[in-house]
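Let me begin by presenting the structure, written as C-alpha cells, before commenting on it.
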C-alpha cells in the first residue's frame, strides 16, 4: 500500500502523511493483534519517510476516515475485522477523500502487493517507532474534534437534558463503550446503561457466538435482561469496531422488536430530514439536499424524496460507493444528509464518509427522547413514516405492473416492478449497469409469461 501511495502522491505523501487506527482484536498464542499489525504498518510508512498519525489506543473505525478528512491526509488504514468471527482480522483502506477505496485504486494496490511480496527488513522494527520524529498521536485531537463536529446533529438539547428515557447500550466486547458514552454526553443525553459483561474489549467475544448485532436476539440476550431489570425500553448495539448500529424496542406485551436495517434506515432518514427542515425553513435549498442508499436497501428514502423535493440516489452495494458518491456531491456544493445500507450501516451527515455507529447511536438516542416526550414509540413512528410516505410512493413512482386477475375462480396475482428515481453507477461498472437492466427486463418478461401461462391454463380448464 505504501508503494502504491508513493506512485500516486510522490513527494506530497511525505508532506501530508497517513493515519493508522486499530480495534481490540488479538490472538495471544501467536502474539498477533490489531495493535501490533497497526504498529507494523506504521513502521513501513515511517521507514519510507512518511509521517504517520498512529492512534495510541483502540478506536472506532469511523474515526479513521474522519481523521483523513480533518487532517488532510493522503490515506488511512484501519486494522479491524469488524463484526466477523474472532479468528479473523483485516486491513481497511481509505483514500484522501475520506472514503473507502474504489477502482482503480483497489487494482493498483493489488498490483503493488504482488510486486512487494518480500517484506522489507526494516518494516519489522517497531522498537524505534516511538522515537521517530515522523510519528504523531492524533487520538486527543480527533476525539475532541469528532465530538464537536457531531453536535451539529443535536437539535433538541433541552429535551435531551430533561428526558427520563432509559436506554441500554452494548458494544459486544468491542471498542464502542467509551465512545458512545462520550457521544451521549455531547448530546446532553442521559448516559445509557452498559451491559457489564460486554462493555470492555475482549477478543474472545465470550458471551456471543458471533459478535454481530445484525444477528438480533441471539446477540442481545444480555441487553434485554439488563433493560428489563432497569426499566429501559430501548437497546442500542454496536458491532466490535463501532461502525454499525442495531436498535431494539420493547413492545407493549413485553416482547422485544429488533428493527431491521431497512426499518432503522427509514426512522433515521425521516429524523435527519425533519431536523434539517426545522433549521432550514427556506425550502428553496431542498433542491441541494441528497440522500443515498445502496441498491439492495429499502427505497423508503426515495419515497420521502419524491414528496419532499430533495434528491435520492442509489449506488452499488457497499458503503465505499456511497462514501465516494457523497464526496462528489459535496465537491459540487450539495448537501448530503444521510446514507444507509440494509446491513445496519448509517452515515448521518457528511463528516464521516462511511458508516458510523457512534454518531448514529447518539442521534438515535435523541430521536428516542424526542418521540418519548410526545408519547410516541419508535415502532409507532415507523408505522407513521410508512403510512405517510409509502402510500405516497404508490401514486408517484414509475412502475411497470402486470395484472393477472382471474376473478370468479379464487385466484388473483399481481406482479409489480418498480424502477428507481435515479441510480448512480460509476464509469467502471457499465457492465454491471447493463446486467442490472437486463435482469429487470428478463424479470418483467418472466412476469408477463407467467401471467400468460396462467390465462392459458384457465382457458384449457374451461
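We did not get these values from a lab; they are worked out from the coordinates using the rules stated. Fair warning: this is a prediction, and the values are worked out from it, not measured in the lab. Quick reminder, even Gly has a Cβ in these numbers, built from the backbone with ideal geometry, and neighbours come from all protein chains shown.
Rounded to a whole number, what is D in µm²/s for the range 146-260 from Stokes-Einstein with the Kirkwood radius over alpha-carbon pairs (20 °C, 1.002 mPa s)? Numbers along the way, then the final one.
Working: Rh = 14.4 Å.
In µm²/s, the coefficient rounds to 148.
Kirkwood Rh, Cα Rg: Rg to Rh for the range 1-65? Please list the in-between numbers first.
On the way: Rg = 12.9 Å, Rh = 12.6 Å.
For the range 1-65, the value is 1.02.
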Exercise. Would you mind computing, in nm to one decimal, how far apart the modelled labels at residue 383 and residue 229 are, each placed 7 Å from Cα along Cα→Cβ?
Key: 3.2 nm
Quiz prompt | Radius of gyration and maximum dimension Dmax of the range 2-137, Cα, Å | solution = 14.1, 40
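Fewest Cβ neighbours within 10 Å first, please rank 325, 257 accordingly. Kindly include the intermediate steps, with their values, before the conclusion.
Numbers: 325 24, 257 15.
The order, fewest Cβ neighbours first, is 257, 325.
Taking other Cβ within 10 Å of each residue's Cβ, how do 8, 275 sort, fewest first? The partial results should precede the final answer.
Working: 8 16, 275 20.
Arranged by neighbour count, lowest to highest, 8, 275 become 8, 275.
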Practice problem: Looking at the range 132-259, send over the antiparallel percent of its DSSP beta bridges, to the nearest 5. | Solution: 55 percent
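On alpha-carbon atoms, Rg over Rh for the range 284-384 using Kirkwood Rh? Don't skip to the answer; put the middle values down first.
Working: Rg = 14.0 Å, Rh = 14.3 Å.
Over the Cα atoms of the range 284-384, Rg/Rh equals 0.98.
Using Cβ counts within 10 Å as a stand-in for footprinting exposure, how do 386, 4, 146 rank, fewest first?
Details: 386 16, 4 21, 146 26.
With the fewest neighbours first, 386, 4, 146 line up as 386, 4, 146.
Tell me, what is the percent relative contact order of the range 2-137, built from C-alpha pairs under 8 Å that lie six or more residues apart? Could the numbers behind the result be given before it?
Details: 224 pairs, mean separation 40.6, N = 136.
Reported relative contact order: 30 percent.
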Quiz item: What is the Cα radius of gyration of the range 224-324 over 2.2 N^0.38 Å, N being its residue count?
Solution: 1.30
